[in-house]
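Each remark here refers to the structure printed beneath this line.
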Amino acid sequence: MDCIFCKITAGEVPADILYTDEDVIAFRDINPQAPVHVLIIPGEHISTLAELPEEKATLVGHMVDVANRLARSEGISESGYRVVINCGKQGGQLVQHLHMHLLGGRQLAGSLG
């Protein structure tokens with residue numbers, strides 16, 4: 001498998017890792033779209049949110065919990081932040097490994113409602 005996120009998880013590719021546990025790893029995005037841009041990924045390869053097995057549904061909740069912890073430690077929890085999961089090509093997913101973006105540190109453009 002030639003998945004860059006799997007290689008980061010395996011320690012084969014360096015990353016600025018902020019958090020890791022038995023289920024997820026979080027690291028700074030190498031092409032940040034905001035002053036704080038952290039990626040939170042499952043340690044096991046799951047291609048997209050649409051392919052998340054039902055028995056692993058709680059994994060996304062854990063990823064959100066990690067995002068909230070990191071928002072506090074990065075100093076953006078009070079000012080606000082965005083958590084995004086892109087799914088599939090038309091959803092803007094560039095790496096085919098489930099991942100969550102934590103973005104903040106400035107006023108983010110656009111609003112979804």
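Just so you know, all these numbers are worked out from the coordinates, no wet-lab data involved. Predicted model, so just to flag it, every value in this text is computed and none were measured. All Cβ positions, glycine included, derive from the backbone under ideal geometry; neighbour counts span all protein chains shown.
Dipole magnitude for the chain: computed about the Cα centre from +1 point charges on Lys and Arg Cβ and -1 point charges on Asp and Glu Cβ, it is near 500 debye. With θ taken as phi - 60° and the Karplus curve 6.51 cos²θ - 1.76 cosθ + 1.60 applied, the whole-hertz 3J(HN,Hα) list for the stretch 69-86 is 4, 5, 4, 5, 5, 8, x, 10, 5, 7, 7, x, 7, 10, 10, 9, 10, 8 Hz, x standing for glycine and proline. Taking amide H positions as modeled 1.01 Å from N, with prolines and chain starts lacking one, the residues under 5 Å from V24 and 5 or more places away or on another chain are G43.
Spin-label model, K56/C3: points 7 Å from Cα along the beta carbon direction are separated by 0.7 nm. Pairs of C-alpha atoms in the stretch 73-113 farther apart than 12 Å represent 66 percent of all such pairs.
Quick one: compute the contact order of the chain, relative version, from alpha carbon pairs under 8 angstrom and 6+ residues apart, as a percent. Each step should come with its number before you reach the end.
Numbers: 161 pairs, mean separation 33.0, N = 113.
Rounded, it is 29 percent for the chain.
Highest mean first, the peptides 91-100, 9-18 sorted by other C-beta atoms within 10 Å per residue fall in the order 91-100, 9-18. Okay, helix-only estimate at 222 nm for the chain: each DSSP H run of n ≥ 4 adds -39500 (n - 2.57), divide by all residues, round to 500 deg cm²/dmol; what do you get? The helix contribution divided over the chain gives -6000 deg cm²/dmol.
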